[in-house]
Amino acid sequence: MDALSPFNSPADAYVALGSNVGDRQQLLLQAIQQLSGRPDIEVLRVSGVYETDPVGYTDQPPFLNMAIAVRTTLSPLALLHVLLDTEQQLGRVRDIRWGPRTIDLDLLLYADVVMDGEELTLPHPRMMERSFVLVPLGDVIEQSHPLKEQVAAAAASALQDGKEGIMLWKIINWHSESGHFVS
């Protein structure tokens, strides 16, 4: 499969979102609205919003994190480019690795695609190590997905022991917050 060519049939993908600069919740909603406004991306499910302690570079404010399930006709690399463009439009500046950011959009999974390229690795190489990714992903991952049980177990463990620095911050009703209706 060519990672750049468009697909004839839609594929399901999962995207992690994070923000810790500015109006964090509004930035998350703006990112989702921009993605859902595209004719080649349909937002299927939206996770709860979780407040999380920073990881890696810890001298920064807490993050709000969430995940979305989308259906797209874009290829994996084309979807990645849309995510990067959306970050740029929402003021993302990359100056400190794992540092503060207005918005962070990571492509976690794309159908059953496994790839290791210069621009994109799928599944996301560090997602299974990150509670701030797994907990929201557990909210939106399809019941039949091969990683569902592993994601759910890791998410439950992170929320139960409380040592992962993640807690439910807010449930967003995507229908009322955006005016969009998810099928």
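Just to be sure, is residue 125 in a loop (DSSP other than H, G, I, E, B), modelled with pLDDT under 95, under 17 Å from the mean Cα position of the chain (by Cα) and surrounded by fewer than 17 Cβ atoms within 10 Å (Cβ to Cβ)? When the stated conditions are applied, residue 125 passes them.
Condition check: farther than 23 Å from residue 152 by Cβ, of a type outside the set (A, V, I, L, M) and at pLDDT 95 or above. Does residue 61 satisfy that? Full working, then the answer.
Values: farther than 23 Å from residue 152 by Cβ: yes; of a type outside the set (A, V, I, L, M): yes; at pLDDT 95 or above: no.
Considered against the rule, which asks whether it is farther than 23 Å from residue 152 by Cβ, of a type outside the set (A, V, I, L, M) and at pLDDT 95 or above, residue 61 comes out as no.
Hey, can you tell me all the residues within region 45-71 that are open to solvent by less than 10 Å² (accessible area, probe 1.4 Å) and either acidic (Asp, Glu) or not in a strand (DSSP E or B) (or both)? Answer for region 45-71, where residues must be open to solvent by less than 10 Å² (accessible area, probe 1.4 Å) and either acidic (Asp, Glu) or not in a strand (DSSP E or B) (or both): 47, 48.
When 111, 152 are screened for being open to solvent by 30 Å² or more (accessible area, probe 1.4 Å), among the hydrophobic types (A, V, I, L, M, F, W, C) and out of contact with any strand residue (DSSP E or B) (no Cβ under 9 Å at 6 or more places or on another chain), only 152 passes.
Kindly indicate whether any position in region 161-169 is open to solvent by 80 Å² or more (accessible area, probe 1.4 Å), over 17 Å from residue 19 (Cβ atoms) and modelled with pLDDT of 80 or more.
If we filter region 161-169 for residues that are open to solvent by 80 Å² or more (accessible area, probe 1.4 Å), which is where we start, we get 163-164, 167-169.
Those left that are additionally over 17 Å from residue 19 (Cβ atoms): 163-164.
Right, trim to modelled with pLDDT of 80 or more and you get none.
Taking every residue of region 161-169 in turn, none turns out to be open to solvent by 80 Å² or more (accessible area, probe 1.4 Å), over 17 Å from residue 19 (Cβ atoms) and modelled with pLDDT of 80 or more.
Filtering region 49-72 to residues that are polar (S, T, N, Q) and out of contact with any helix residue (DSSP H, G or I) (no Cβ under 7 Å at 6 or more places or on another chain) leaves 58, 60. A Cβ distance below 8 Å, combined with a sequence gap of six or more or placement on separate chains, defines the contacts here; from region 131-151, residues that are more than 19 Å from residue 172 (Cβ to Cβ) reach residues that are polar (S, T, N, Q) in the pairs 131/52.
The values are calculated or read from the model by the stated rules, or taken from the named source; none is laboratory data. Quantities reported herein were computed from a predicted structural model and do not represent experimental measurements. All Cβ positions, even for glycine, are placed from backbone atoms using ideal geometry, and neighbour counts span all protein chains on display. Surface accessibility is based on the protein's heavy atoms, side chains included, excluding ligands, DNA and RNA. Shrake-Rupley method; radii C 1.70, N 1.55, O 1.52, S 1.80 Å.
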